[in-house]
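The values are calculated or read from the model by the stated rules, or taken from the named source; none is laboratory data. It should be emphasised that the depicted structure is a prediction, and the values quoted were computed from it without experimental measurement. Here the Cβ is made from the backbone with ideal geometry for all residues, glycine too, and neighbour counts use every protein chain on show.
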Amino acid sequence: MPGTEKKVKIKQAKYQIIAADIASKIVENKYHVGERIYARSSLASQYGVSSETARRAIAVLQDLEIVEATKGSGVIIKSYEKAAKFVHQLQDVQSVKEIQRDMLETIIQQKEELEKLENLTKELVSRADRFHSLNPFVPFQVTITNSCVYLNKTIEEMNFWQNTTATVVGIRRGQEILLSPGPYATLHDQDVLYFIGNEQCIGIVQNFLFTANQ
């Protein structure tokens, strides 16, 4: 659903979490080289996992030569340095995962914001269309200046409707407004011409009044 914040979760296997925890305890000197720690069954009970999960955690540490596991003798801490290296690698991997997670969250947020903007734009266009369809007689206006090629010409002389398909509904001159001015009304500098028509006619009227080659 747009606008709903989405959380990205990155899960790690339980045996990896246990291996990382044991290595971290070695680095923190909670376990020391040569020390014997829990057997696999005790380890499984301590972390609340199955014996197979505990076995896989110890296998990871043994492959990295951090511990040595012998049947019937439990698990013995073998190397502080390799435990530290493993922990640092995990921290680097976690940092990368956090960056990936942040990037993905940012992409999701940007996508949601773009969808929201698109929806707002569509709604604005829809409302504007409805407004014009409900109010077809809301007039456009244009101010007459000295550059108008029809100064002092009547609406009839310029064939206004025939050339623009727009209908003049009023002319404001100073503080006076002449409604329905008729075909003999003339245009003067600083008059404001009011007319109705479709949305395209505003450009047509401006071109008609101010294009010198008429």
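Would you confirm, using the coordinates I've provided, whether F210 is surrounded by 17 or more Cβ atoms within 10 Å (Cβ to Cβ) and at pLDDT 90 or above? Please lay out each step first, then the result.
Details: surrounded by 17 or more Cβ atoms within 10 Å (Cβ to Cβ): no; at pLDDT 90 or above: yes.
No, not satisfied.
Among the numbered conditions (1) modelled with pLDDT under 90; (2) in a strand (DSSP E or B); (3) not aliphatic (A, V, I, L, M), tell me where F195 comes up short.
Among (1) modelled with pLDDT under 90; (2) in a strand (DSSP E or B); (3) not aliphatic (A, V, I, L, M), the lone unmet condition for F195 is (1).
Quick grid of which residues meet (1) surrounded by 15 or more Cβ atoms within 10 Å (Cβ to Cβ); (2) at pLDDT below 85; (3) β-branched (V, I, T):
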site: G3; (1), (2), (3): no, yes, no
site: V8; (1), (2), (3): no, yes, yes
site: K11; (1), (2), (3): no, yes, no
site: A20; (1), (2), (3): yes, no, no
site: A23; (1), (2), (3): yes, no, no
site: H32; (1), (2), (3): no, no, no
site: R36; (1), (2), (3): no, no, no
site: R40; (1), (2), (3): yes, yes, no
site: A44; (1), (2), (3): yes, yes, no
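Which members of segment 59-76 meet the condition of being touching a strand residue (DSSP E or B) at 6+ places or on another chain (Cβ under 6 Å) and in contact (Cβ under 8 Å) with a residue 24 or more places away in the chain?
To start, the set of residues in segment 59-76 that are touching a strand residue (DSSP E or B) at 6+ places or on another chain (Cβ under 6 Å) comprises 61-62, 67-69, 74-76.
L61, V67, A69, G74, V75, I76 - these are the residues of segment 59-76 that are touching a strand residue (DSSP E or B) at 6+ places or on another chain (Cβ under 6 Å) and in contact (Cβ under 8 Å) with a residue 24 or more places away in the chain.
Within segment 175-192, restricting attention to residues that are modelled with pLDDT under 90 and farther than 17 Å from E156 by Cα, which residue is surrounded by the fewest Cβ atoms within 10 Å (Cβ to Cβ)?
It comes out as Q175.
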